[in-house]
Structure formats: structure tokens, C-alpha cells
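The values are calculated or read from the model by the stated rules, or taken from the named source; none is laboratory data. These numbers come from a predicted model, not from an experiment. Using ideal geometry, Cβ is built from the backbone for each residue, glycine included, and neighbour counts are taken over all protein chains shown. Protein only, heavy atoms only, side chains kept; ligands, DNA and RNA dropped before computing areas. Shrake-Rupley method; radii C 1.70, N 1.55, O 1.52, S 1.80 Å.
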Amino acid sequence: MRKILFLQPQLQERLWGGNRLAEYGYKLPSDHVGECWGVSAYPDSCATVRGGVYDGRRLDDLWREEPDLFGGAPAKEDFPLLIKIIDAHDDLSIQVHPDDAYAREHENGACGKTECWYVLDAEPGATIVIGHHAKTKEELAQMIADGRFRELIREVPVKKGDFFQIEPGTVHAIKAGTVVLETQESSDVTYRLYDYDRLQNGKKRPLHIKQSLDVIKTPFEPKAIEPVVKTKPGYVLTKYVDCRFYTVYKLEVDGTATVPLSGMFHTMSVIEGEGYLDGSRVEKGDHLVLAADYGDMKAVGRFTAIVTRV
Ligand code: ZN
């Protein structure tokens, strides 16, 4: 079933957003666009299909009504992924997500969140926050109570092409000057630990200190990503992570390539260049779903995409 669903992305304005998402071909409503939700089945920000036999249909409806497109996914579950491009013109708040067990118990049966970042671009000297320096829960609680956040957080330099997996319980933040492609479990449970004492409409945004203390894993243990690179005629495929929720690859096409796609559906977000997939034109900024049991995909051109499989 060789079906490609092109999705119409949803842009989101944020206080910390900028104008760099224009580089992906999107028409921005302002200079404060923080997020492009490329693959989303969230009820109030759901992607719709652009062109083809499903033109105008919502991704959440298709997920329920056309399960064969996705590999016979169980209809009672929600679409499992949310894929965004994020432009951090300013620092995002420092946050942590619970795991599934904590979220189920404390957030009305919601899911936890595992997420990962592929760095699309970073200004010289840019950093991100991943992890913290407290050795015990007591030390963590004390540092938070004392407001010693700058000492607490673990900040690391970033550059284009870096990849980070953020497990539940990991303190994290995207900081100014970085554009990332984020793949995550489709969940929205976020606990804000620190917001740099910033004001929004004259007020500080609420923090979730108790929940953060409950879920932050202590001590933080960094895990290195070991990408697996396969070079084939016409393309290079790099696998970054293979976890319970998703597998994330980078596909670099140069020339003519035959890429086998089997099993459940795949998503693809084009981050560079342009070309054709089985005759359909693709270019930087496109987000699409390749239906289940796709078979051999013929890719022509010169482009790079982040490909995700559930
Ligand atoms: Zn997060």
C-alpha cells in the first residue's frame, strides 16, 4: 500500500519563539513563532492531510477510521507521536516529565513523556540543559529550596547534528540560539522546575516543585548516544535511538535510492534539500506519513529527513 500523506503543519506562537521557522518554508504570523507541529494528532492542534485522496482529513480521524494506513493500530489508543520543529530565540523553561506510572496515578491516567532532539542548528556557544548536579534527593531538595538553580543544572554545548534522548525524570531545557526537531510520545504532562524568574504579563508562570522533586531521577547519569550508520547505494541511514516508544533515523538521499520500509507506518520530516518520493515532490519543511507495509520507497534527489517508526 504505497500511500504518502502530506501533512499541513500547525504553527504555534510562543514568548520565547523567533522567526527562524521561515527557513523551513512556513509563512509566519509574527516574529514569535516557537513551534511547528509537523506530525500531530492533538485535538486542538491536529495536522490535516494536504492533497491526495484524503485531502482535508484530520490525522486523528484517519488514525481511528483507517487503521490499515497505520498498520492496524488499536483504535482505542491515541496516535502515539508528536513531532515538532522548535525555534528557541530565547531560553525555554527548565522542566521535567514523569514516566507513565507516575502520570497514570497523578495526572488522571495520562501518559508520561519520553522525547528526543535532533539539533537542526545552533549558534556558536549555544548550550542546552540536560541533567543536574545533585548527588542525592536531599541535596536536590536543598538546592531547589535555596534557589541555587544555576549551580544545580547541567548545561552542555550543542552543535548542528547532535542528538539527545530525554528519558522521563531528566531535567531539561532548550536554550536560546538553537533550532531542534523534537520527537516525543504524544503527551502533555510537563512539570516546570525553574523559569529564570521571568515575568509573563507581569506574573511569574507557575512552577511544579513538588511534582518535579517526585520525578527527577537522582543522581543524573548521562547516557551517550551511539549512532549506527549504514551506507547504501544512493543513501545513508543513521539510527540514533531505538526505545519503547519510537525509533529515530536520519535519511540522507543523494542521487537515486531504494529504501525498504516495512511494518507499521513511518513519519518523515524533511530538514534539508529537495527531491521526489515515488514521484511525489518533497522539500525542506515537509512532514508526511508513509503508510504501513509501504515496501520499497524510491527516493530521488538530494535531501535529508528525520524518519520515525513506532
Ligand atoms: Zn520536554
Within the range 228-309, what whole-number % of the accessible surface is contributed by carbon and sulfur, with the 1.4 Å probe and all protein chains included in the calculation? 48 percent
Highest mean first, what order results for 224-230, 19-25 on Cβ atoms within 10 Å? 19-25, 224-230
Once you treat every alpha carbon in the range 198-244 as an equal point and sum by Debye, what is log10 I(q)/I(0) at q = 0.24 Å⁻¹? -0.96
For LYS284, give me every one of the lysines with a C-alpha distance below 25 angstrom, ignoring sequence neighbours fewer than eight places off in its own chain. LYS3, LYS27, LYS84, LYS159, LYS160, LYS175, LYS230, LYS232, LYS239, LYS250, LYS298
So what is log10(I(q)/I(0)) for the chain at q = 0.07, 0.12 1/Å, when the Debye sum runs over its Cα atoms only? -0.28, -0.83
Express the Stokes-Einstein translational diffusion coefficient of the range 228-309 in µm² s⁻¹, to the nearest whole number, given a Kirkwood radius over alpha-carbon pairs, 37 °C and a viscosity of 0.692 mPa s. 262 µm²/s
Put a dot 7 Å past each Cα toward the Cβ at ARG64 and ASP78; how far apart are the dots in nm? 1.3 nm
Averaged per residue, what accessible area in Å² does the range 145-227 show with a 1.4 Å probe, protein chains only? 52 Å²
Going by Cα centres, the range 244-290 and the range 149-217 are how many Å apart? 29 Å
